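Note sheet for the following structure.
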Amino acid sequence: MKKISKFLIAFVGVLTVACNADDVDSRPILSGTAIPEVLTPKTGDAFVLLEEDATKEASMFSWSAAEYSEAVAVEYTVLMDKQGGDFTAPITLATTKNALTTSISVKQLNQSAIDLGGKPDEATSFDIMIRSKVATGALLQSTKVATITVTPYSGKVAYDFEEWYLVGNATVSGWDNNKGNQILFRSATDPKEYKFTGYFTAGAFKTIKDLGSWIPMYGGEKGALAYRGTDADADPVSFVITTSGYYAFTMNIETLKYSLVAYNATAAPAYNTIGIIGSSTPKGWDASTAMVQSTFDKHIWSLAVTSLKEGELKFRANDSWDVAWGATTAFSGMSSNAAGSANIPVAKSKYVVYFNDLDGSYLMIPNQG
């Protein structure tokens, strides 16, 4: 009897699973009986956006209800594309469940216009449409689009810093002033202080502000910076590296002081990969976006122009959480790989990113086109 009972229980269990699967497979595919159409904004509406209004509402977007052959929960997506676009790569302005309205902020509409090719201070036309979907049913979309014009502001992230680079035969670029020159990292607390900890060959170097130009420039000796501001000024004396190796160089363009001391990198770990990870990055918190390792200095990493979202990130080694660096300051600073370190805040923009795994220095430069 016990064996028969066990057999019956197992059979009933299999039958139940099979019935449940049949129920899912046999759910009716719902047909659409009414298509959602844009109500507001209307074709011809014009939006001239101002940065000081970024947090305000640009417009309340609304649309008519989609209807299906049965009453069901409906998900609506508000889409924006350039005028005449085919909506194969649109901007999603909002997604709602059953709701027929959504508020779009000035900042969001502005960024969407720029992402779709709009130019600051120029009126550009865009199309708005609605798509609706249900769990098992036809995807419906507007038969007509609303064509609006948007005049965006620049949308650039406020970034009031300047960069400085190394040049000289002690550095990766040699004496070429526009050949992948090593950028200097910047202090998070003093925007006038710059530093680089890394590899130098025996030779000399100076620092330049603008790639491709020899002015402005700094050289120096005995801890004092020497400045060259115009072509008529004499070249300052170079900083000298007597023996190839790792050094920590720091300069302050306000106090006009510098330091150049040997750095012991013997015990520094070598990483196979370094990447960025976080809610602002292309792969979110699921996976790292790999950086490129310098062939001149294995501890220096960079990332070419990359779109980052509003959010946060960390630097991570070897695609693992065993070693990850974080900090509290945007754009630049010295990160920590201590457990529980903060996430670096990020504003939406296109960035070039630099990282030094020797001391955790990082630099993120926004507004890259």
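Take a quick pass over the range 127-210 and tell me how many lysine pairs come in under 16 angstrom between Cα atoms, counting only ones 8 or more apart or on separate chains.
On the way: Lys179/Lys206; Lys179/Lys209; Lys192/Lys209; Lys195/Lys206; Lys195/Lys209.
Count of close lysine pairs: 5.
Counting only other residues whose beta carbon sits under 9 Å from that of Leu139, what net charge do I get with K and R as +1, D and E as -1?
Working: positive: Arg131, Lys133; negative: none.
Result for the local shell: +2.
What value, in deg cm²/dmol to 500, does the helix sum -39500 (n - 2.57) over DSSP H runs of n ≥ 4 give at 222 nm once divided by the residues of the chain? The partial results should precede the final answer.
Details: 2 runs with 34 residues, N = 369.
Per the formula, -3000 deg cm²/dmol.
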Exercise. When all protein chains stay in place, what accessible area (Å², nearest 10, 1.4 Å probe) is found for Lys195?
Worked result: 50
Exercise. Net charge near Gly198, counting Lys/Arg +1 and Asp/Glu -1 over other residues with Cβ under 13 Å of its Cβ?
Worked result: -1
Problem set entry | Radius of gyration and Dmax over the Cα atoms of the range 226-369, both given in Å | 17.3, 54
Exercise. With point charges of +1 on the Cβ of Lys and Arg and -1 on the Cβ of Asp and Glu, referenced to the Cα centre of the chain, which listed residue (Tyr362, Trp285, Thr189) lies farthest in the positive direction of the dipole?
Worked result: Trp285
For this session: Determine, at each q value in 0.10, 0.15, 0.20, 0.22 (inverse angstroms), the log₁₀ of I(q)/I(0) that the Debye formula gives when each Cα of the range 126-252 is one equal point scatterer.
Result: -0.48, -0.73, -1.18, -1.32
Exercise. If you place +1 on the Cβ of every Lys and Arg, -1 on the Cβ of every Asp and Glu, and leave all else neutral, what size is the dipole of the range 202-265 about its Cα centre, to the nearest 20 Debye?
Worked result: 200
Problem set entry | Cut-off 19 Å (backbone N to label point 7 Å along Cα→Cβ of Lys257), residues of the range 161-193 | 186-193
Seminar exercise, completed: In degrees, nearest 10, the alpha-carbon axis of helix 2-25 is tilted away from the dominant principal axis of the alpha carbons of the chain by 80
Seminar exercise, completed: Note: the chain, point scatterers on Cα, Debye, no solvent; log10 I/I(0) at q = 0.08, 0.12, 0.15 Å⁻¹ equals -0.61, -0.97, -1.21
Problem set entry | Spin-label model distance (nm) - Asn264 vs Ser320, 7 Å beyond Cα toward Cβ | 2.6
Exercise. Between Val305 and Ser244, what is the label-to-label distance in nm when each label sits 7 Å out along the Cα-to-Cβ direction?
Worked result: 3.5
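How far, in nm, would the chain grow between Ser125 and Ser103 when pulled straight, counting 0.36 nm per residue and subtracting the alpha carbon separation?
On the way: separation 22, 0.36 × 22 = 7.92 nm, distance 2.00 nm.
Here the answer is 5.9 nm.
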Problem set entry | Area accessible to solvent at Thr295, 1.4 Å probe radius, in Å² | 150
For this session: Taking only Cα atoms and a 10 Å spring cutoff, compute GNM fluctuations for the chain and point out the largest among Pro345, Pro269, Pro90.
Result: Pro269
For this session: Please state the charge dipole magnitude for the chain, taken about the Cα centre, from unit charges on C-beta atoms (+1 on K and R, -1 on D and E), reported in debye and rounded to the nearest 20.
Result: 980
Seminar exercise, completed: Rounded to the nearest 0.05, FRET efficiency between Trp285 and Val352 (Cβ-Cβ, R0 22 Å) equals 0.50
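Quick check: with the 1.4 Å probe, what order do Leu260, Leu211, Leu308 take by accessible area, largest first?
Working: Leu260 50, Leu211 75, Leu308 5 Å².
The ranking, largest first, comes out as Leu211, Leu260, Leu308.
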For this session: Take the Cα atoms of the range 194-296, build their convex hull, and give its volume per residue in Å³.
Result: 157
Exercise. Can you pull the Rg over Rh of the range 276-332, Cα-only, Kirkwood?
Worked result: 0.95
Exercise. Top to bottom by accessible area (1.4 Å), largest first, where do Leu39, Leu184 land?
Worked result: Leu39, Leu184
For this session: Provide, in order from the shortest bin, the percent of all Cα-Cα pairs of the range 313-369 in each 10 Å bin, continuing until the bin that contains the maximum pair distance.
Result: 25, 54, 19, 1
For this session: Kindly identify the range 78-148 as rounded, prolate or oblate by the Cα gyration tensor criterion: order the square roots of the eigenvalues as a ≥ b ≥ c, call it rounded if a/c is under 1.5, otherwise compare a/b with b/c, prolate if a/b is larger, else oblate.
Result: prolate
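According to the square roots a ≥ b ≥ c of the eigenvalues of the Cα gyration tensor, what is the shape class of the range 172-240, taking rounded for a/c under 1.5, prolate for a/b larger than b/c otherwise, and oblate for the remainder? Don't skip to the answer; put the middle values down first.
On the way: a/c = 1.27, a/b = 1.12, b/c = 1.13.
Rounded is the answer for the range 172-240, as its axis ratio a/c remains below 1.5.
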For this session: Kindly report, to the nearest 10 Å², the accessible surface of Asp86 as traced by a 1.4 Å probe over protein heavy atoms only.
Result: 110
Problem set entry | Choice from Ala71, Ala226, Ala317 showing the highest fluctuation, given a GNM over the chain with Cα pairs closer than 10 Å | Ala71
For this session: Return one number: the angle in degrees, 0 to 90 and rounded to the nearest 10, between the long axis of the Cα atoms of helix 106-115 and the longest principal axis of the Cα atoms of the chain.
Result: 80
For this session: At 0.36 nm per residue, minus the direct Cα-Cα distance, what do Asp45 and Ala71 gain on full extension? Give it in nm, one decimal, please.
Result: 6.0 nm
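Just to confirm a number: summing +1 for Lys and Arg and -1 for Asp and Glu over residues other than Leu308 whose beta-carbon lies under 12 angstrom from that of Leu308, what do you get? List each step's numbers first, then the result.
Details: positive: Lys283, Lys309, Lys348, Lys350; negative: Glu310, Glu312.
Computed value for this residue: +2.
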Exercise. Which cross-chain or sequence-distant (5 or more) residues have an amide H under 5 Å from the amide H of Leu49, H modelled 1.01 Å from N in plane?
Worked result: Thr151, Tyr153
Exercise. Which of Thr102, Thr197, Thr306 moves the most in a Gaussian network model of the chain with Cα springs under 10 Å?
Worked result: Thr102
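The values are calculated or read from the model by the stated rules, or taken from the named source; none is laboratory data. In this text, all values refer to a predicted model and were calculated from it rather than measured experimentally. Ideal geometry is used to build each Cβ from the backbone, glycine not excepted, and the neighbour counts take in all protein chains shown. The area values use the complete protein model at the heavy-atom level, side chains included, leaving out ligands, DNA and RNA. Shrake-Rupley method; radii C 1.70, N 1.55, O 1.52, S 1.80 Å.
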